[in-house]
Amino acid sequence: MIELIALAGLLIAGLAVVSVVGVVFLVLKLVFWAVFFPIRLLLKLLWLPVGLAMGAVGMVAGVAVLPILAVVALAVLVLGAVAAVLALLVPAIPFILLGFVIWAIMKANRPAPVG
């Protein structure tokens, strides 16, 4: 039982050390953030024209590729519609053939018109 109490004491001491180290690193992080914030802000403001230019280039590339994507999307849509129609008609093929056979038999057994 003493071992468990000692283990709990070690655990509490370890958590205390970790929390102190965490607070120290938090203070360091806040100091570094406050010191380097103006530099970060200046770099972001300097990067703004470059980012806008790259965005414009990307938009032009997107407008250039848009007709190709529209054609591909239309082709996929048409092929999907054809596949859907075939998926509905293929199971009906035996019944359609049976109907043709019955129609052919009925047509062949018709009596000739008397005229």
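Derivation of every value follows stated rules applied to the coordinates shown; laboratory data play no part. Keep in mind the model is a prediction, meaning the values are calculated, not measured. Heads up, the Cβs are rebuilt from the backbone with ideal geometry, glycines too, and the neighbour counts pull from every protein chain shown.
Assorted remarks:
- Once the convex hull of all Cα atoms in the chain is built, its volume per residue stands at 282 Å³.
- FRET efficiency, 1/(1 + (r/R0)^6) with R0 35 Å, evaluated for L77 and L98 via beta carbons: 0.55
- Look at where the Cα atoms of region 74-115 and of region 6-39 average out, and the two centres are 79 Å apart.
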